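Heads up: the structure comes next, in structure tokens.
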Amino acid sequence: MGELMRRPAGMPVSRQVRNELRQVAGELHVEQMRTRAISTVAEHAMGEVALLKRTQMDLEKACPDAAEALALIANTAAGAIAKQVHRFGNDLA
């Protein structure tokens, strides 16, 4: 036989209350996972935009005449990344 486990002291609750508590706990867990996913995607996107801006600066140093075109490309790409992150967040909500 297994070892007896002590039950926590407290008021007895009905089966319905226990089921509702389990449901709320499950919904809370899903919401936490959703929040973590959005946060992780946003952090990764910020890292990608930072890398993009560093690359832009490096290329501008190598070819100053292309600075305007490089800025346009980098800003367009950063805007596209931001839109994708926003869409991801909306899809999960």
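Here are some notes:
- In the stretch 41-51 there is at least one residue matching the filter, namely being over 17 Å from the mean Cα position of the chain (by Cα), of a type outside the set (Lys, Arg) and at pLDDT 95 or above.
- Entry remark, the stretch 38-93: residues being part of a helix (DSSP H, G or I), of a type outside the set (Val, Ile, Thr) and farther than 30 Å from Glu27 by Cβ number 29 in total.
- Residue within the stretch 52-63 that is at pLDDT 95 or above, small (Gly, Ala, Ser) and open to solvent by 70 Å² or more (accessible area, probe 1.4 Å) present: yes
- Inter-residue pairs, beta-carbon under 8 Å, first open to solvent by 90 Å² or more (accessible area, probe 1.4 Å) and in the stretch 75-92, second among the hydrophobic types (A, V, I, L, M, F, W, C) and assigned to a helix (DSSP H, G or I), 6+ apart: Gln84/Ala45
- Whenever a residue of the stretch 17-36 is in a helix (DSSP H, G or I), its partners that are open to solvent by 90 Å² or more (accessible area, probe 1.4 Å), lying with C-beta atoms within less than 9 angstrom and at least six residues away or across chains, give the pairs Arg34/Ala93.
The values are calculated or read from the model by the stated rules, or taken from the named source; none is laboratory data. From a predicted model like this one, the values you see are computed outputs, not experimental measurements. As a convention, Cβ positions derive from the backbone with ideal geometry for all residues, glycine included, and neighbour counts pool all protein chains shown. All accessible areas refer to the heavy atoms of the entire protein, side chains included, with ligands and DNA or RNA removed. Shrake-Rupley method; radii C 1.70, N 1.55, O 1.52, S 1.80 Å.
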